[in-house]
1. Take B:Phe286 and tell me if it is part of a helix (DSSP H, G or I), on the phi < 0 side of the Ramachandran plot and touching a residue at least 60 places away in the same chain (Cβ under 8 Å).
2. Tell me which residues, restricted to the range B:121-152, are acidic (Asp, Glu) and more than 17 Å from the chain's Cα centre (by Cα).
3. Can you name the number of the only condition in (1) within 14 Å of chain B (Cβ to nearest Cβ); (2) closer than 25 Å to B:Leu58 by Cα; (3) modelled with pLDDT under 95 that A:Arg68 fails?
4. Regarding the range B:101-113, can at least one residue be identified that is of a type outside the set (Asp, Glu), crowded, with 17+ Cβ neighbours inside 10 Å and within 14 Å of another protein chain (Cβ to nearest Cβ)?
5. Considering only the range A:36-60, state which residues are crowded, with 20+ Cβ neighbours inside 10 Å and either within 15 Å of A:Arg115 (Cα to Cα) or away from every other protein chain (no Cβ under 14 Å) (or both).
6. Looking at the structure I just gave you, is B:Ile149 among the β-branched types (Val, Ile, Thr), out of contact with any Pro (no Cβ under 8 Å at 6 or more places or on another chain) and over 24 Å from B:Gly219 (Cβ atoms)?
7. Starting from the range B:86-106, take each residue that is within 14 Å of B:Gly28 (Cβ to Cβ) and list its partners that are of a type in the set (Ser, Thr, Tyr) and surrounded by 18 or more Cβ atoms within 10 Å (Cβ to Cβ), counting only C-beta distances under 7 angstrom and pairs at least six apart or across chains.
8. Out of the residues in the range B:241-280 that are part of a strand (DSSP E or B) and hydroxyl-bearing (Ser, Thr, Tyr), state the one that is farthest from B:Ala324 (Cα to Cα).
Amino acid sequence: MIEALAEHAEVVGARSLFSSPTLFDWLEAATPQEFDALAFGVVGMDSAGIVRRYNLAEGRLSGLTPERVIGRHFFTSVAPCTNNFIVAHRFEAENEIDDVIDYVFTFRIAPLKVRLRLLKRPGAQLMYIAVERRG
Amino acid sequence: MTDIQAAPADDISGYESLVEFLYLTPIGLVKFHVDGGIDMANPAAAQLLMPLSPQRELSNIYTVFATIAPNLRSRIAGFRAPVGQICDQLQLAVPGTRRVLTLSINKINQDTLMAVVQDITRVIEQELRIRDDQQRFHAIFDNIRDYAIYTVDLQGRVDEWNRSLHRLGGWRPEDVAGATIDRFFTPSPLGVWPELTVLDRARLRGTTEFDGWCTRRDGTVFWGNTVITALPDPEGKAQGYVLVTRDLTERKHFEDRLVALATTDPLTGAANRRAGESRLDEAFGFWQQQRRPFTVLMIDCDHFKRINDRWGHKAGDAALVALARVCRDSLRPADCLVRWGGEEFLLLLPDTGCDAALPIAERLRVTIAAAEVIAADPTVAITVSIGMADSGSSDRSADDVLRRADQALYSAKDAGRNRVMVQ
């Protein structure tokens, strides 16, 4: 555990954290500063899909400020591009998800190849989508 | 991005609003080049198109549409004009799903094209449902056997002929064009069929039902049950009616038989006592309300016990059957013969006072005396004693008339039988 935390301390902002098996724990423990210092985008939603956390990197990618986005339904009112069976339906249908998928976001109305990390744990208050550029 | 950050605060929020507007546009918008390269797409486009691409790619529109519109590239290449519409709401089914997309493509200049993608799955499903419903209705209208189903407007005019009208009543399309529903129903004995009243009732209550005689094209009639249901417009006001008419002739015959069984004396075919009592009450009602007189004849078979004792019950029964037959043969349609009990019959003569009834009673007595009962050997001659009374102004019920007729009957018996006495 101590080792894991030490590793986190090193990799904040580094790309390896995106695929770390402990990303969920890290996000749950992260301070707002650490959250905003991440190099990749992260959206935290409650079980109803309402955006509760939205980091600066995600805001830079989307062109939307966290103030505008927090409190809205992510799949219908923030990122409708994910409102299909590939993303939104999985969060609805599955109890536990830890998966990385290739996707294309349309940040700023231009297609951008991304890798999505979908995270959901039973009992947890938030579920997360992490967004990283690829290709 | 540096440009954006350098812009004044108002512009940043204006830009953000514009981005958000495009994010939330529910129609897929794609800007691409003739080679298929996509350089702009909004989230709705990604939502609709990403599931089409096995590689989860959105870089080339021809790759994305390879499965559902494989000829897109040649279609665009074949469009020579510098600007114009290449396709307009082209419907594309997504294989393996029920989804249907529409694709419209406009050529903006030699190298730039704009595509609009919409998901019309729900619209298509709704259209299919409506078409299914229509086909189902037509199947019902055309193929049901014992029903006619048809719709009429507010005035009762038939909207459209269908096979069920032919099957039930032999009606042809030209018979019902512009006709109202009174064509299908027989005017009731009380007057003209009040068809508009029936429709009004359906409009007020939503639905109404009635039994009555219905007409076929050839003029024959059948007993039918009709249910009328108002068809509401979106505001809930009736805009017409649907009528379902069912042929109940068989059931009517059956019910008539049941009624006959319940009201008839099985031996003689005369009305039974319960049915007779209600006819008497009815006659007394006419007397009270409209001063229409009636006469009651109590007819008793003379020495009936002697016939039974001497020739047996069979002969007794035959005597009663013969007596009833003679009476019935001389009855008028409205007269009612009742087996009142044992060897006693009651004959009700409506709209007849004692003066007119007396010759009838006398003729009856003579005819019965002349008749022979074949059931026994030697044939039995029977006579009857008849006591009669008619409705009087001081009577309070039919029983008062009956009592006087009974007294008259006793007098006839006392006076030596085979005679008519009036009280």
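1. Yes; evaluated as a whole, the condition is true for this residue.
2. Once the filter is applied, which keeps residues that are acidic (Asp, Glu) and more than 17 Å from the chain's Cα centre (by Cα), the range B:121-152 yields B:Glu125, B:Glu127, B:Asp132, B:Asp133.
3. For A:Arg68, the failing item is (2).
4. yes
5. If we filter the range A:36-60 for residues that are crowded, with 20+ Cβ neighbours inside 10 Å, which is where we start, we get A:38, A:40-45, A:51, A:53-55, A:57-58.
A:Leu38, A:Phe40, A:Gly41, A:Val42, A:Val43, A:Gly44, A:Met45, A:Arg53, A:Asn55, A:Ala57, A:Glu58 - these are the residues of the range A:36-60 that are crowded, with 20+ Cβ neighbours inside 10 Å and either within 15 Å of A:Arg115 (Cα to Cα) or away from every other protein chain (no Cβ under 14 Å) (or both).
6. Numbers: among the β-branched types (Val, Ile, Thr): yes; out of contact with any Pro (no Cβ under 8 Å at 6 or more places or on another chain): yes; over 24 Å from B:Gly219 (Cβ atoms): no.
Considered against the rule, which asks whether it is among the β-branched types (Val, Ile, Thr), out of contact with any Pro (no Cβ under 8 Å at 6 or more places or on another chain) and over 24 Å from B:Gly219 (Cβ atoms), B:Ile149 comes out as no.
7. Short answer, once both residue conditions are applied: B:Gln89/B:Thr102; B:Leu90/B:Thr102.
8. B:Tyr241
The values are calculated or read from the model by the stated rules, or taken from the named source; none is laboratory data. All values reported here derive from a predicted model rather than from experimental measurement. Note that we place each Cβ from the backbone using ideal geometry, even for glycine, and neighbour counts take in every protein chain shown.
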